[in-house]
Amino acid sequence: MKNTRHMNCLFHIKTKCYSKNIKVFAAKDGLYEEFEDIVNNSVTKEEFEYLWSEMIKQRGLENNKYLTKMWETRKKFIPVYYKNVFFPFIQSTSRSEATNARFKENVGPTYSIISFVAEYQCIVDSIDRAENLEDHYSNQKRPKELLFGYTFERHA
């Protein structure tokens with residue numbers, strides 16, 4: 001699987017960043033919100049890189065070791081760098097850990113790729129069943145009163 005891409009967990013990196021820089025985030029009003037917005041909501045790599053460097057410059061964080069390390073490894077965890085890469089079911093730490101645990105229980109290192117694919121299909125089927133059930137429950141619920149009666153409103 002030579003084209004496999006490995007990413008680092010954004011949740012864990014941000015958590016460590018906050019714990020290592022607790023005084024910095026507390027002292028600089030609005031830094032937390034700015035940091036979160038840049039990391040999570042940048043649309044392009046260029047936008048992220050520009051906003052990050054502006055944040056660092058304006059906030060006087062050029063000598064912050066952890067933020068410098070984050071910059072150097074940004075392509076491994078900042079969402080904008082892998083928004084066009086397929087990462088099935090890995091949207092949060094708990095989900096990825098649950099998926100990993102399931103693979104570890106049912107597919108060992110000596111198993112074939114066919115066993116892995118079969119287990120992967122079981123996970124996909126399980127997620128599909130859960131989503132279909134939730135869709136069914138959602139379709140059965142109707143609001144008591146529609147404000148305007150628009151098709152969009154009925155659909156929502």
Within the bounds of the range 41-63, is there any residue that is within 30 Å of residue 130 (Cβ to Cβ), modelled with pLDDT of 90 or more and surrounded by 12 or more Cβ atoms within 10 Å (Cβ to Cβ)? yes
One residue is enough: does the range 21-29 have a residue meeting the conditions in contact with a Lys or Arg (Cβ under 6 Å, 6 or more places away or on another chain) and either surrounded by 12 or more Cβ atoms within 10 Å (Cβ to Cβ) or acidic (Asp, Glu) (or both)? yes
Taking residue 102 as meeting all but one of (1) under 25 Å from the mean Cα position of the chain (by Cα); (2) modelled with pLDDT of 85 or more; (3) surrounded by 10 or more Cβ atoms within 10 Å (Cβ to Cβ), write down the number of the exception. (2)
Quick check on my filter: what residues within the range 64-74 are among the charged types (D, E, K, R) and surrounded by fewer than 13 Cβ atoms within 10 Å (Cβ to Cβ)? 65, 72
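The values are calculated or read from the model by the stated rules, or taken from the named source; none is laboratory data. Remember, predicted model here, so these are calculated numbers, not experimental data. Glycine gets a Cβ as well: all are built from the backbone with ideal geometry, and neighbour counts include every protein chain shown.
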